[in-house]
Structures are given as structure tokens and as C-alpha cells.
Amino acid sequence: MENLYVKEHPILAWDFDEQLTIYFEDRPLVGWKGQTIGAILLAHGIRYYRETQRLHEPRGIFCGIGQCSDCYMIVDGQPNVKVCTKLAHDNMHVQRQIGTAQAILGPDKSASGEDETE
Amino acid sequence: MKTYDAVVIGAGPAGLGAAVEIAKAGGTTLLIDENERPGGQLFKQIHKFFGSKEHYAGTRGYEIGQMLLREAEEARVDIRLNTRVWGIFPDRTVVATDDNRSFSCRGRTIILATGASENALSFPGSTLPGVMTAGAAQTVANLYHVLPGKRILMVGSGNVGVIVAYQLLQAGARIEAVIDVTDQVTGYEVHARKIKRAGVPVLLRTTIKEAWGDKEVEGAILHRVDDHFKPIPGTEWRIQADTICLAVGLTPRLELAAISGCASAYNPVLGGMLPLHTTTMQTLQEGIFVAGDLAGIEEASTALDEGRVAGLQAALDLGLGETDTLEDLLRQGQERLTSLRQGPFGEHRQRAKECIWQLASERNHRPASTIINDGGKERKA
């Protein structure tokens with residue numbers, strides 16, 4: 001399967017050795033221990049991580065270092081996980097987050113508060 | 001509640017430099033960072049640094065990071081990762097959370113090394129997945145060995161723009177163009193030449209009008225600008241790109257300095273609002289120091305030496321270690337900073353820093369050797 005992993009590089013050695021699998025809405029994706037969820041998704045061409053609450057717009061990785069909140073996803077049933085900095089573990093289940101995730105997770109587990117980013 | 005000689009917030013080059021110096025002087029040090037790993041943005045810097053041998057010239061950023069982590073380990077710096085500071089109180093109580101529980105601790109001194117955020121740029125389509133900061137693309141490519149996209153448009157030809165464009169080329173991406181609204185490349189010529197040699201079009205007096213695509217970026221509409229940076233009608237054209245990287249400057253992360261009550265000032269050369277500080281990185285709040293990009297956007301090597309200077313001054317104020325040795329090291333650190341701020345780019349930053357130091361000294365009526373209020377129990381440094 002085609003992916004965007006960079007195994008040949010003039011400076012950097014490929015130093016990931018432990019392979020793992022995460023699931024994006026039941027689709028298995030191969031990654032390596034030490035990579036973030038966000039990076040593994042990008043490697044498989046998945047870039048649409050979140051849908052905004054009111055305007056239903058797509059969002060993906062923006063800052064990449066845990067500052068901006070654009071990459072919130074549902075990870076193993078928990079909403080508002082910043083996947084750009086969250087390291088992946090084997091068997092993690094990742095879902096696109098729609099707004100505060102209430103429709104998916106129910107009011108108890110959804111993220112509290114309004115989505116201010118529209 | 002535990003009290004440390006220093007609580008250092010941010011484990012990038014500045015925070016690591018500060019924590020190492022205080023710990024080496026014999027101080028108890030807690031270094032807090034919100035990320036899963038220490039090092040800040042050093043580990044994604046795969047290019048060789050400039051400067052002299054003392055500035056680790058010729059060494060790649062991640063190698064400097066590895067050296068710093070070894071130094072921190074040898075100096076027995078206590079590092080707490082995955083931890084976000086959300087409060088700093090007037091008695092220098094620091095409150096932090098690891099998302100499961102909160103804890104508080106006190107710092108006889110606090111060093112803020114919270115770094116910077118990359119600036120966003122607003123245009124129709126700028127929120128589409130595939131539009132990201134240049135730093136995000138650099139992180140994904142260099143830390144996780146994943147190409148953020150195959151066809152990339154770089155907006156901004158400053159150092160970040162040209163360096164990241166080259167590194168994405170090295171990782172195997174195609175750079176459709178590097179564009180800049182000004183009429184010259186603003187990054188170092190050494191880096192700009194590398195992308196030009198690789199045949200990347202560098203389009204000046206050009207900016208992005210909008211990004212297009214259904215659910216994610218498929219391309220961009222560019223247009224030319226006149227002498228006043230106003231778009232010239234009729235010059236629009238479309239290019240295809242699956243990724244648009246924004247390299248349009250950085251802004252100091254002022255939040256913690258602001259809630260600590262540190263007086264700040266605006267300086268466009270240094271990235272915007274930043275805390276006023278002295279030549280030894282003391283803010284106008286007793287016992288609170290700043291270092292690195294928070295104290296003005298510069299480079300990683302500058303951040304490291306500012307951290308060391310802040311740490312050494314804090315150690316002196318606390319009465320730790322041998323005064324003569326610490327003062328020697330402090331002077332050496334300041335000399336390295338002066339030499340890092342030479343040359344056509346550095347001189348601007350030197351002058352801007354002098355402005356900040358001047359403002360700080362005008363507003364600071366306390367003697368250079370500060371009195372640290374230790375929870376009601378005053379102690380002279």
C-alpha cells in the first residue's frame with residue numbers, strides 16, 4: 001500500500017524498529033513506535049481530522065506541536081486528543097471528531113463547552 | 001508543597017540551558033514541559049548551525065539537543081514531561097497539571113522559557129487540511145519521517161521558509177514554489193541558494209490569494225503585489241499543491257509571563273509583545289527570569305545562551321555556587337550572545353534587544369542584585 005514514510009534520507013537514518021497498527025474508523029494503518037497518531041494518519045494520506053461544530057468545516061494538522069487545537073480527534077473513546085503530539089500505541093482506535101463529539105460519544109463523554117473556532 | 005531553587009518552564013534550548021546552569025551551581029531545579037519529550041524544537045533542526053565553535057557551529061540541531069539532555073542528566077535536573085503550567089501566583093507558586101491531576105510547587109526563582117508560536121496567515125481556504133505551518137511540516141518530516149505532502153507551496157522566504165523548503169526536498173517532496181510578498185529573499189543566502197540550485201522557483205512580490213480544494217488543499221491562487229504590497233488585479237494564476245506551508249514569522253508565547261505580571265513591550269524586530277528584561281534576563285517581577293524566543297524571536301543557539309545567562313544570574317541571586325566562577329561563566333555567556341548578534345541580520349536584533357534592556361532599566365528601580373521575597377521571609381541575594 002502506498003504511503004508517505006521517508007525511509008531514504010540524505011541525513012536522517014530510519015530509526016523506528018517496532019511496528020504497530022492503529023485504526024482510523026476501522027481502517028488499519030501501519031505505523032512505528034515513536035511516531036505520533038497525526039504523523040501516521042498523514043503517512044496514509046488522511047488529513048481531515050476534525051469537523052467544526054457550527055460551520056461543519058474540515059480541519060487537519062496546523063501547528064503540529066500541540067499549540068493550536070486544530071487536530072482534535074477521538075482516540076479510544078476520548079475526545080479532544082491532540083493527535084499531532086500524541087504518540088501512537090498499538091491498537092489505538094482513532095475517529096474523526098465532529099464538533100464536541102456529542103453525537104458520537106453522547107453528552108457524558110463529549111468535550112464540554114462550545115466549539116469557539118466555528 | 002515542595003520548594004525548588006528554580007522552577008524552569010519549557011524544556012527547549014533556553015529552559016534546558018537555564019536548568020543545567022542552576023543545577024550545576026548546586027540548586028534544586030524542576031524543569032516542566034507540556035510535551036512528551038524534552039528538547040523543544042531542537043530535534044527537528046537537521047541543518048548545521050552557524051557561528052563559531054563556541055556556538056556549536058557545524059553541529060546539527062538535534063545533536064545539540066542530545067548534548068543538552070546529557071548535560072541535564074549529569075546535573076541531575078528533575079524533568080517533568082506531559083505537564084502544563086496553568087497558574088503562577090505572586091509568591092511564585094506554580095500550578096501545573098498532567099491532565100489527570102494538578103500539583104503545585106514553589107520556585108525561589110522561576111525561569112520562563114515558553115518559546116514561540118508560528119504565525120498564521122488568513123485567506124480564503126486557510127483553514128483547509130493541508131494548510132499548515134512550516135514548523136508542522138518540518139516536525140512531521142524530520143521527527144516522524146513522514147512527508148506532509150508531495151507537492152508543496154511555501155509561503156515566506158525567511159530562514160524558516162527556505163530551510164524547511166530545503167528539508168522537505170531532502171525528504172523527497174516537490175516544492176512547487178517559495179513565494180514572498182517582499183522583493184528579496186529574507187532568509188540567509190546560504191539556505192536560499194540551496195533551493196535555487198535545486199530548481200525551486202522563488203517568486204518575489206507574490207502572495208497567496210486563496211487556497212482551493214474540497215475538504216483538503218488541492219491548490220492555490222497566487223497573485224502579484226505592487227510596491228505597497230497591494231495585489232495587482234489581473235495577475236492571478238492557479239498552481240497545484242497538496243500542501244501549503246506558512247512561514248510567516250513567530251510570536252513569543254507571552255501567556256505565563258503575562259499572568260506573572262511581567263511588564264512587556266512591543267518590538268516588531270523581536271516578534272511582537274515580549275516581557276521587558278535586563279541584560280541578564282531578569283524581568284521586572286522579582287525572581288522571574290525569561291530566556292529564548294519568549295524574550296524575543298532569535299535562533300536556537302541564542303536561546304541556549306540566554307538560558308544559560310538566566311540560570312547563572314538566578315544562581316548568583318540565590319547565593320549558590322562560587323560567585324567568581326558563576327560571574328565568569330555569566331560574562332562568557334553574554335560575550336557569546338553579543339557575537340551571535342553580529343552581521344547584517346544580527347545587528348537588527350542587537351539594537352532591538354538594547355531597546356528592551358533600556359526600557360527595563362528605566363522601569364526597574366531596584367538594584368541589579370535583587371531581593372527575593374521568600375514567602376514573607378526576605379533574603380538578600
**Request:** Keeping to segment B:96-131, report how many residues are without any contact (Cβ under 8 Å) to a residue 60 or more places away in the chain and either loosely packed, with under 15 Cβ neighbours inside 10 Å or in the same structural domain as B:Ile152 (by TED's automatic domain parsing) (or both).
**Result:** 8
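Among the residues of segment B:117-145, how many are among the hydrophobic types (A, V, I, L, M, F, W, C) and in contact with a Lys or Arg (Cβ under 6 Å, 6 or more places away or on another chain)?
1
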**Prompt:** For B:Leu16, which of the numbered conditions (1) free of Cβ contacts under 8 Å to residues at least 60 places away in the same chain; (2) closer than 25 Å to B:Pro252 by Cβ fails to hold?
**Reply:** (1)
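Looking for whichever is out of contact with any Gly (no Cβ under 9 Å at 6 or more places or on another chain) and in contact (Cβ under 8 Å) with a residue 24 or more places away in the chain here; the options are B:Thr243, B:Thr251, B:Thr235, B:Thr206. Which one fits? Write out each step before concluding.
Details: B:Thr243 fails: out of contact with any Gly (no Cβ under 9 Å at 6 or more places or on another chain); B:Thr251 fails: out of contact with any Gly (no Cβ under 9 Å at 6 or more places or on another chain); B:Thr235 fails: in contact (Cβ under 8 Å) with a residue 24 or more places away in the chain.
From the options B:Thr243, B:Thr251, B:Thr235, B:Thr206, the qualifying one is B:Thr206.
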**Message:** Show me the helices (runs of 4 or more DSSP H) entirely contained within segment B:287-381 in which 2 or more residues are within 18 Å of B:Val8 (Cβ to Cβ) and modelled with pLDDT of 95 or more.
**Reply:** B:300-318, B:323-340
**Request:** Hey, can you tell me all the residues within segment A:36-92 that are in contact with a Lys or Arg (Cβ under 8 Å, 6 or more places away or on another chain) and small (Gly, Ala, Ser)?
**Result:** A:Gly38, A:Gly60, A:Gly66, A:Ser69, A:Gly77, A:Ala88
**Fill in**
Checked against (1) assigned to a helix (DSSP H, G or I); (2) modelled with pLDDT of 90 or more; (3) surrounded by fewer than 24 Cβ atoms within 10 Å (Cβ to Cβ), B:Glu63 satisfies every condition except (2)
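Counting residues that are more than 10 Å from every other protein chain (Cβ to nearest Cβ), within 25 Å of B:Gly10 (Cα to Cα) and of a type in the set (S, T, N, Q), which strands (runs of 3 or more DSSP E) fully inside segment A:1-100 reach at least 1?
Because the criterion is at least 1 residues that are more than 10 Å from every other protein chain (Cβ to nearest Cβ), within 25 Å of B:Gly10 (Cα to Cα) and of a type in the set (S, T, N, Q), the strands (runs of 3 or more DSSP E) in segment A:1-100 that meet it are A:78-82.
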**Message:** Return the residues of segment B:89-106 that are under 11 Å from B:Ile259 (Cα atoms) and out of contact with any Gly (no Cβ under 9 Å at 6 or more places or on another chain); say none if nothing qualifies.
**Reply:** B:Phe89
**Message:** For segment A:17-58, which positions are crowded, with 16+ Cβ neighbours inside 10 Å and hydrophobic (A, V, I, L, M, F, W, C)?
**Reply:** A:Leu20, A:Ile22, A:Phe24, A:Leu29, A:Trp32, A:Ile37, A:Ala39, A:Ile40, A:Leu41, A:Leu42, A:Ala43, A:Ile46
**Item:** In segment B:210-230, residue nearest to the other protein chains (Cβ to nearest Cβ) [restricted to those that are buried (at least 18 other Cβ atoms within 10 Å of the Cβ) and closer than 20 Å to A:Phe62 by Cβ]
**Value:** B:Glu216
**Asked** How about segment B:5-51: which of its residues are within 14 Å of chain A (Cβ to nearest Cβ) and either part of a helix (DSSP H, G or I) or of a type in the set (Asp, Glu) (or both)?
**Response** B:Asp33, B:Glu34, B:Glu36, B:Leu42, B:Phe43, B:Lys44
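Do any strands (runs of 3 or more DSSP E) lying entirely in segment B:105-189 carry at least 2 residues that are closer than 23 Å to A:Tyr49 by Cβ, more than 8 Å from every other protein chain (Cβ to nearest Cβ) and hydrophobic (A, V, I, L, M, F, W, C), and which ones are they?
Those strands (runs of 3 or more DSSP E) span B:151-155.
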**Message:** Quick check on segment B:196-209. Is at least one of its residues surrounded by 21 or more Cβ atoms within 10 Å (Cβ to Cβ) and in contact with a Phe, Trp or Tyr (Cβ under 7 Å, 6 or more places away or on another chain)?
**Reply:** yes
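The values are calculated or read from the model by the stated rules, or taken from the named source; none is laboratory data. Because the structure is predicted, anything quoted here is derived from the model rather than measured. A quick note on method: Cβ atoms are made from the backbone with ideal geometry, for glycine too, and the neighbour counts reach across all protein chains shown.
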